[in-house]
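Data block below; observations after.
The values are calculated or read from the model by the stated rules, or taken from the named source; none is laboratory data. Please read all numbers here as calculations on a predicted model, not as lab measurements. Keep in mind that these areas ignore ligands, DNA and RNA; they rest on the heavy atoms of the full protein, side chains included. Shrake-Rupley method; radii C 1.70, N 1.55, O 1.52, S 1.80 Å.
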Amino acid sequence: LSATRVFYNQTGYAFAGLVAVAAVLLPLRANESASPLTIASIVLICGAGAFCEHIVLGKYKVLLVADQKNYVMSGIIAQGVLAYTALSVYLIAQGASIILIQTVSTLAYLLRLLLLVRYIKRHYPAVDYCVEPDLPAIADRWEAFAYQLPGLMINYTPTVIIALFLGFQRLQALPHGLL
């Protein structure tokens, strides 16, 4: 588990670097009324949530999968989605900005993370992620990472494609649940 933590941290920091690059490059594509600052903010807010989820959730997911308790994570994720959806619907009805709605989404990620951390600490008090990592124990880590890439692409590709080909204004006009 300690080696898994190290691996998820490494890949998470690489992901954070890619988010930073996207936050700089995507606003350059802005040729309409969506300001470059708005575009960069959306990229950074979405990226921050995904970064936190990857760094924290990854190592705990490995533990729950190994203990055959995927249902715990599924339940926590479902609670986060329900909270996020309810808040998003309310904010959309109030005419909130896309930045506020994305911020709420990121906060829902953080709520899920806090619930998961609380569960892990309560049910696995002896687990120590800071012991000396045994990296050879996870020699197939890059295959596991490659397995997770399609999930990232499925989650974020529609937003990027809509933004690049239809424009950022159309992205802002979409119901948030489609993002």
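Brief remarks on what is shown
- Elements of type helices (runs of 4 or more DSSP H) in segment 1-75, at least 3 residues being among the small types (Gly, Ala, Ser) and open to solvent by 30 Å² or more (accessible area, probe 1.4 Å): 2-25
- Subset of segment 34-84 [more than 16 Å from Thr4 (Cα to Cα) and among the hydroxyl-bearing types (Ser, Thr, Tyr)]: Ser35, Thr38, Ser41, Tyr71, Ser74, Tyr84
- Residue match in segment 148-161 (condition: modelled with pLDDT under 80, open to solvent by 50 Å² or more (accessible area, probe 1.4 Å) and among the hydroxyl-bearing types (Ser, Thr, Tyr)): yes
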